[in-house]
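Report on the structure given below.
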Amino acid sequence: MEKANHALAKAKAPVRISFGTCGDSDYYMKFLGWGNGVNATINLYSYCEIHKIEENKIILRSLETGHTEEFNSIEEINIGERALNVMKAVAKHYGNMGIEVITHTDAPLESGLGGSAAHAVSIINAFNQLNKKEMPKEEVAKLAYRIEREILKIEGGYQDQWAASHGGINYMRFTKEGVELNPIKLTEMEMEKLEKSLLLFYVPRVKTGTALHAAQREKAKESVAMLHMKRENILSMKNTLESRNFNTMGNVMQLDWKIKKLTAPDITNERINEIYNAAITAGALGGRFIGAGAGGSAIFFCPGKQKYVTKALEKLGAKPIRYQFERGVSE
């Protein structure tokens, strides 16, 4: 009987919904002092499998993009090109040969849900499993950050790597000393209540997240007062969740989006405004676009109006994303 080629290692890591973030990058912390954010991982994952092969080479394969590359030595790996760049950087870091690395994801590409970080964390966890190496979640997050931000020069902040590595609903505080993570514990019933009231949509982008991050960074110098206001509003979101006073969530999200539009005008356009206004008209109490903006994903708080909001946004090309808050952590 033919035997299946079982994977030597398997891992997954979740993407996240952001309820608001301010100053989570080194650039912002230079003039803000500290930043913060509230996010929650959801049950959409990035996956990585590592299989043994007979040849002494390494094969990297993405089922999502269709890209495949083979290398006869670690030295051959060139991370100068974008295709498979995270896979190549992690493979180069660990140095294993005689393997095929395969990745795929549940989340739409360029969705603003932190998919790149989830991708990096899942690959790191798979290589750690392959090498029988125990690495604390904090160190996994730091390595994923170093690979994405420092080696590959991908624009962005800290929240995605820490969310993907630690999982759960968290308030994060960002300082020069590091990321302080404070879990927000909700009961199963409370999470179900929020899931029913919060609708998530995918809105394809017209610009890449990297281009938008760069534009927003330049604009931030002119908007320090509003950034302080945004940071305070994120504390309000933290209090909303911790106090279980979910009815105020719409107002908090609405203010966050208003500030975000003024601090970074490139995150919106006529289509994005049309989608947002249609959601409010259909009964949403508030919402925000997630990620760098100008598309990606959007979340709306609309208790009792889910059907009307969904119908209105589908007419405009937004695609509902079915999700639940993650009950576990990255594996």
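The values are calculated or read from the model by the stated rules, or taken from the named source; none is laboratory data. Note that the structure is a prediction, hence the values are computed from the model and not measured. In this analysis, Cβ positions are derived from the backbone assuming ideal geometry, glycine residues included, and neighbour counts consider all displayed protein chains. The area values use the complete protein model at the heavy-atom level, side chains included, leaving out ligands, DNA and RNA. Shrake-Rupley method; radii C 1.70, N 1.55, O 1.52, S 1.80 Å.
Going through (1) over 17 Å from residue 154 (Cβ atoms); (2) open to solvent by 30 Å² or more (accessible area, probe 1.4 Å) one by one, residue 99 falls short only on (2).
Against the criterion of being touching a Ser or Thr at 6+ places or on another chain (Cβ under 8 Å), modelled with pLDDT of 90 or more and either closer than 16 Å to residue 316 by Cα or small (Gly, Ala, Ser) (or both), residue 300 does not qualify. The single residue among 41, 21 that is open to solvent by 20 Å² or more (accessible area, probe 1.4 Å), of a type in the set (Val, Ile, Thr) and either modelled with pLDDT of 95 or more or over 19 Å from residue 150 (Cβ atoms) (or both) turns out to be 21. Taking every residue in the range 143-168 that is farther than 13 Å from residue 24 by Cα and modelled with pLDDT of 95 or more and pairing it with any residue that is open to solvent by 20 Å² or more (accessible area, probe 1.4 Å) and assigned to a loop (DSSP other than H, G, I, E, B), at least 6 positions away or on another chain, the pairs with Cβ-Cβ distances below 6 Å are 148/154; 167/329.
Taking strands (runs of 3 or more DSSP E) as the structural unit, those lying wholly within the range 53-153 and holding at least 2 residues that are within 20 Å of the chain's Cα centre (by Cα) correspond to 99-105. Within the range 276-309, work out how many residues are hydroxyl-bearing (Ser, Thr, Tyr) and either touching a Leu at 6+ places or on another chain (Cβ under 6 Å) or open to solvent by less than 30 Å² (accessible area, probe 1.4 Å) (or both). The total comes to 2.
So, of the residues in the range 9-52 that are among the hydroxyl-bearing types (Ser, Thr, Tyr) and in a strand (DSSP E or B), which turns out to be farthest from residue 123 (Cα to Cα)? Checked the range 9-52; the qualifying residue farthest from residue 123 (Cα to Cα) is 21. Counting only residues that are surrounded by fewer than 17 Cβ atoms within 10 Å (Cβ to Cβ), small (Gly, Ala, Ser) and under 19 Å from residue 128 (Cα atoms), the range 64-96 holds 1 of them. Considering the range 255-275, the residues that are out of contact with any helix residue (DSSP H, G or I) (no Cβ under 8 Å at 6 or more places or on another chain) and either open to solvent by 60 Å² or more (accessible area, probe 1.4 Å) or aromatic (Phe, Trp, Tyr) (or both) include one that is farthest from residue 25 (Cα to Cα), namely 274. Somewhere in the range 165-174, is a residue crowded, with 18+ Cβ neighbours inside 10 Å and assigned to a helix (DSSP H, G or I)? Yes: the range 165-174 contains one or more residues that are crowded, with 18+ Cβ neighbours inside 10 Å and assigned to a helix (DSSP H, G or I). Do the conditions hold for residue 328, that is, is it of a type in the set (Gly, Ala, Ser) and either in contact with a Cys (Cβ under 9 Å, 6 or more places away or on another chain) or modelled with pLDDT of 95 or more (or both)? For residue 328, the condition - of a type in the set (Gly, Ala, Ser) and either in contact with a Cys (Cβ under 9 Å, 6 or more places away or on another chain) or modelled with pLDDT of 95 or more (or both) - is not met.
Hey, does the range 103-121 have a residue that's in contact (Cβ under 8 Å) with a residue 40 or more places away in the chain and over 23 Å from residue 202 (Cβ atoms)? Scanning the range 103-121 turns up no residue that is in contact (Cβ under 8 Å) with a residue 40 or more places away in the chain and over 23 Å from residue 202 (Cβ atoms).
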